[in-house]
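Comments concern the structure below.
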Amino acid sequence: YIDLAIQGWEMLIKVITPDHSEAWGAVHHSLGMAYQEQTHGDQQRNNIRAIFHFNSSLSIYTRSRFPTESYPHDWVKAQRLLGMRLLMKQSGEKFLNIENAINHLKATLEIYQMLGAMQDWAEVHIAIADAWMQTISAARLFPGFNALQNYNESLSVYHKSAHPIRYAEINTYIANVYQTQVESKSQEMIEEAIDHFNQSLSFFQHRNTSQDYLDAKIGLGTAMCERISSSRSSDLEAALSHFSDALSVINKTVHPKEWAKLNYQMAECFVSRIEGNRTLNLASARGHCESALSFFTIETFPEMWARAQCTLGWVLASQQGGNRGDLLELAISHHWQALRVFSRKDFPQLWAATHVHLGEAYTNRVNGEKSKNLEMAIDSCNQALEVYRKNSHPLAWARVHDILAKVYLSRDGGVRSENVEHAIRCWRNAIKV
């Protein structure tokens, strides 16, 4: 049906000129509607054609010169659909597409309010907020305030009592905004995220197989891990509980990436865990890392693969059971694997952290020649100090100096008195922080 309609309108548009303004605009509007509903063929091609025809119709269907009594309904529909289509556009400059989409969506708000179509008005605010969220992937400064403002506007329509599902979904969106503030995230933002995730779960708790439930559980677990409070131990226990709930219902076959990422997050949580048996916590962390690596590969998800490699390396180096020498060899191997992805240029913090782990592993290494292991440890620590400066990373800087001090004190090569002087100097640096 849609194919036939498109063929008919495409033939019609060849004989109608812009001079027949009302008919010309109406046919372009119909073609835009048809292409945006087309489900087969090249979807990006369909999307670009829909954008072209909506733009063409809006050159006629203007607020000041709308040819029929259908104003403002067709105009506002074309503006909204054009905005949504621009958000889906993959060609062109990403941020410009988003900016144009937001402008078209904003244009509809006054009309929906005039018509009393408040749910449409609220949905447009949600779409605008979603658009601002997309600016993260457009390599621009993330304007979280704009997203929050629009999500909160939608909550003035979607009240908890009348629209509990949408209310809960929007609270999840708001929580995600606070969690996405990677560079400027404060503890206040983390508390806001926790509050909004809890509001979402107050509804989704009874729908524990839904994607919304999973998103809220994983988000809340992540926020609890990031939280810095006097009850760190109970926060980590709560995080593990939320992650475990999510892992018990997530479908690995349907959502393998999410399943693998969740396993990685659980591994990180077990590494930091205060309660329970340390040996068992490390064993659990190792198991979850290995599960994550059963899906993540360097070709498909290089960063997550490298993160899991690095965490697994640290866990293996920390485990006490089994053959200590073999565990340290595995740890060193996993850290070097991580450095295949973590370069100083692209991942300076992770690059430095991995070198610190290598420094510790080489310091404790059982196999190989001790003097060479200690030289490798010194080299790894010195590389980490290229990123970890006293002013910018005081705690990490102090930790590396503490490791270096122990290495120099154990060092066989060089002049013994100079090694001792190096060790003392490193410890003095460490205690300055």
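Quick note: the coordinates plus some simple rules give every number you see, no bench work behind them. Everything quoted here is computed from the prediction, not taken from an experiment. Cβ coordinates were reconstructed from backbone atoms using ideal geometry, including for glycine residues, and neighbour counts include every protein chain displayed.
So the values come out like this:
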| read-out | value |
| --- | --- |
| Entries in Lys257/Lys345; Lys261/Lys432; Lys106/Lys252; Lys370/Lys432 that, when Cα-Cα distance is taken, lie over 32 Å | Lys261/Lys432; Lys106/Lys252 |
| Charge-dipole axis of region 1-115 as Lys and Arg at +1 and Asp and Glu at -1 on Cβ define it, positive-most pick from Asn97, Ala23, Ala50 | Asn97 |
| Mean separation of Cα contacts under 8 Å, 6 or more apart, over the residue count of region 192-322: relative contact order % | 18 percent |
| Cα lying deepest toward the dipole's positive end in the chain, options Leu12, Leu115, Asn429, charges on Cβ | Asn429 |
| Whichever lysines have a C-alpha closer than 27 Å to that of Lys14, once near sequence neighbours (fewer than 8 apart) are set aside | Lys77, Lys89 |
| Listed peptides 364-372, 231-239 by packing density, highest first (mean Cβ within 10 Å) | 231-239, 364-372 |
| Hits among lysines - C-alpha to C-alpha of Lys372 under 26 Å, sequence gap 8 or more where chains match | Lys406 |
| Dipole of the chain [Lys/Arg +1, Asp/Glu -1 at C-beta], most positive-end residue of Ser318, Cys225, Val415 | Val415 |
| Dipole magnitude of the chain about its Cα centre (Cβ charges: Lys, Arg +1; Asp, Glu -1), debye to nearest 20 | 1140 debye |
| Percent breakdown of C-alpha pair distances by 10 Å bin, ordered from the shortest bin, for the chain | 4, 15, 22, 21, 15, 11, 7, 3, 1, 0 |
| Paired Rg and Dmax values of region 279-433, which use every Cα atom, in angstrom | 16.1, 51 |
| Helix-only mean residue ellipticity at 222 nm for the chain, each DSSP H run of n ≥ 4 adding -39500 (n - 2.57), per residue, nearest 500 | -24000 deg cm²/dmol |
| For the chain: relative contact order, % (alpha-carbon pairs under 8 angstrom, 6 or more apart) | 6 percent |
| In order through region 377-382: 3J(HN,Hα) via Karplus (6.51 cos²θ - 1.76 cosθ + 1.60), integer Hz, x for Gly, Pro | 5, 4, 4, 5, 5, 5 |
| Charged-residue dipole, Cβ positions (Lys, Arg, Asp, Glu), region 142-249 about Cα centre, Debye nearest 20 | 220 debye |
| Between region 206-235 and region 88-134, the Cα center-to-center distance that results, in Å | 30 Å |
| Hz values of 3J(HN,Hα) by residue in region 24-38 - Karplus curve (6.51, -1.76, 1.60), Gly and Pro given as x | 4, x, 5, 5, 4, 4, 5, 5, x, 4, 5, 5, 6, 9, 5 |
| Ranked packing of 410-419, 337-346, most packed first, by mean Cβ within 10 Å | 337-346, 410-419 |
| Cβ-based exposure ranking for Glu110, Glu360, in which fewest neighbours within 10 Å come first | Glu110, Glu360 |
| Overall Cα dimensions of region 142-249 - principal axes, largest extent first, Å | 39, 33, 21 |
| Rg followed by Dmax, in Å, when region 1-115 is reduced to its Cα trace | 14.0, 38 |
| Between region 277-344 and region 381-416, the alpha-carbon center distance in angstrom | 23 Å |
| Contour minus Cα-Cα distance for Gln149 and Phe52 (0.36 nm per residue) | 31.9 nm |
| Hz values of 3J(HN,Hα) by residue in region 50-59 - Karplus curve (6.51, -1.76, 1.60), Gly and Pro given as x | 4, 4, 4, 6, 5, 4, 5, 5, 6, 6 |
| About the Cα centre, charge dipole magnitude for region 249-382 (Lys/Arg +1, Asp/Glu -1 at Cβ), debye | 120 debye |
